[in-house]
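The values are calculated or read from the model by the stated rules, or taken from the named source; none is laboratory data. Because the structure is a prediction, the values reported are computed rather than measured. Here the Cβ positions follow ideal geometry from the backbone for every residue, glycine too, while neighbour counts run over all protein chains shown.
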Amino acid sequence: MTMRIEGIVCTPHADSESVAEALSPDNLLNMKTTASGGFVRTEIHTGRLRSLVASVDDYLMNLAIAEDICYYVSLADTELILNNGSSPEAGGVIDGVSADASLDVSDNYFEKQGEHSRSPDNT
């Protein structure tokens with residue numbers, strides 16, 4: 001007899017579509033990620049509990065990275081608008097991501113950003 005174990009992770013996001021798109025390329029064949037109503041929902045199906053736990057662990061790490069990337073892209077686009085008085089389209093936008101927005105996610109970036117609570121050391 002084959003056991004089927006299912007897990008669902010559902011998380012709220014300001015830009016759920018972008019987070020879901022960032023997560024989808026890393027999905028395994030037994031995973032499906034969708035966005036709807038401000039939530040990202042990922043379904044994981046497997047035959048072994050250990051595989052489910054490992055998949056959820058990997059997924060949560062990818063989720064944290066996707067959230068951070070979406071936050072920093074949004075922040076960079078906002079800074080471009082405020083500093084240039086125009087939209088980031090001046091540098092070219094591909095699928096809503098500014099091509100000329102550079103993101104510094106090194107340790108120095110976190111030291112410069114006092115208002116954002118996430119840092120490489122306290123994720």
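Observations on the structure shown:
- Yes/no for GLU17 being surrounded by fewer than 16 Cβ atoms within 10 Å (Cβ to Cβ), acidic (Asp, Glu), modelled with pLDDT of 50 or more and more than 15 Å from the chain's Cα centre (by Cα): no
- Some residue of segment 74-81 being within 13 Å of the chain's Cα centre (by Cα), part of a helix (DSSP H, G or I) and modelled with pLDDT of 70 or more: yes
- Every listed requirement among (1) out of contact with any helix residue (DSSP H, G or I) (no Cβ under 9 Å at 6 or more places or on another chain); (2) within 14 Å of GLU67 (Cα to Cα); (3) not acidic (Asp, Glu) is met by ALA14 save one, (1).
- Annotation note: Cβ proximity below 6 Å between a residue of segment 2-26 that is part of a strand (DSSP E or B) and a residue that is of a type in the set (Gly, Ala, Ser) (sequence gap 6+ or interchain) occurs for PRO12/GLY38.
- Given (1) among the small types (Gly, Ala, Ser); (2) part of a strand (DSSP E or B); (3) more than 19 Å from the chain's Cα centre (by Cα), index of the condition ALA35 fails: (3)
- Segment 38-47, subset surrounded by 12 or more Cβ atoms within 10 Å (Cβ to Cβ) and either without any contact (Cβ under 8 Å) to a residue 24 or more places away in the chain or farther than 22 Å from GLU67 by Cβ (or both), residue nearest to the chain's Cα centre (by Cα): HIS45
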